[in-house]
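Have a look at the structure below before the remarks.
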Amino acid sequence: MPLIALALATVPGCTSSPSPVTSVPTSQVEVVFDHPDKFLDIRDRNNPTDAGEKEVMATLRDYIVQRAPRYLSPGSSLKITFVDVKLAGVFRIGGLGDRRVVLSTTPPLFKFSWSVTDRTGRVVDGAREILDEPDFKDLFSDADEGDPYRYEKAVLDDWMRNRLQS
């Protein structure tokens, strides 16, 4: 099993508790969810479950860990700390289904800070971001239509491609 897959499979503390939730850093990428209990919407269904919310965070974390290295310079590292997340779409109020209704007016939202360090540990880039992409539905042309997080992944990938590429 590759080191990254092993590290991700053993991520500790991924709960909705008031304490920060962090991933085990890989050699290049560390993803932190700071106080996910305060996030706008990481619900997995109308009646959310802790396990479902953990799965949402793990899915986003895994995607960033997998994709970010292709945009980073050799030897550099990324740390990204999410302070708020809202998934695309909404659940119908009183709806029986557990399927999000995604309209062009319900984009995903990410609030986070990030930094890129070089191989000596010196910060070479970084910022605080509010990622709210109104044209999010146009970004996912290559995404799997069956992936419930295709819009979030497309927005994050677009951000990584535009901000991290050297």
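The values are calculated or read from the model by the stated rules, or taken from the named source; none is laboratory data. Remember, it's a predicted structure, so these values are computed and weren't measured experimentally. Cβ placement follows ideal geometry from the backbone for every residue including glycine, while neighbour counts extend to all protein chains displayed.
If you check Tyr149, Tyr71 for being among the hydroxyl-bearing types (Ser, Thr, Tyr), over 26 Å from Lys38 (Cβ atoms) and in contact (Cβ under 8 Å) with a residue 60 or more places away in the chain, only one passes: Tyr71.
Out of curiosity, is Asp147 closer than 23 Å to Leu40 by Cα, in a loop (DSSP other than H, G, I, E, B) and of a type in the set (Asp, Glu)? In short, yes. Looking only at region 43-79, count how many residues are over 11 Å from the mean Cα position of the chain (by Cα), at pLDDT 85 or above and among the hydroxyl-bearing types (Ser, Thr, Tyr). Residues that pass the stated criteria total 4. Within region 66-84, the set of residues being surrounded by fewer than 22 Cβ atoms within 10 Å (Cβ to Cβ) and of a type outside the set (S, T, N, Q) comprises Arg67, Pro69, Arg70, Tyr71, Leu72, Pro74, Gly75, Lys79, Val83, Asp84. Residues in region 115-126 that are surrounded by fewer than 10 Cβ atoms within 10 Å (Cβ to Cβ) and assigned to a strand (DSSP E or B): none. Filter region 80-114 down to the residues that are of a type in the set (S, T, N, Q) and part of a loop (DSSP other than H, G, I, E, B), then identify the one that is nearest to the chain's Cα centre (by Cα). Looking at the filtered set, the residue picked out is Thr106. When Phe136, Phe91, Phe112 are checked against the criterion of being of a type in the set (A, V, I, L, M, F, W, C), surrounded by 12 or more Cβ atoms within 10 Å (Cβ to Cβ) and closer than 19 Å to Phe33 by Cα, a single residue qualifies: Phe112.
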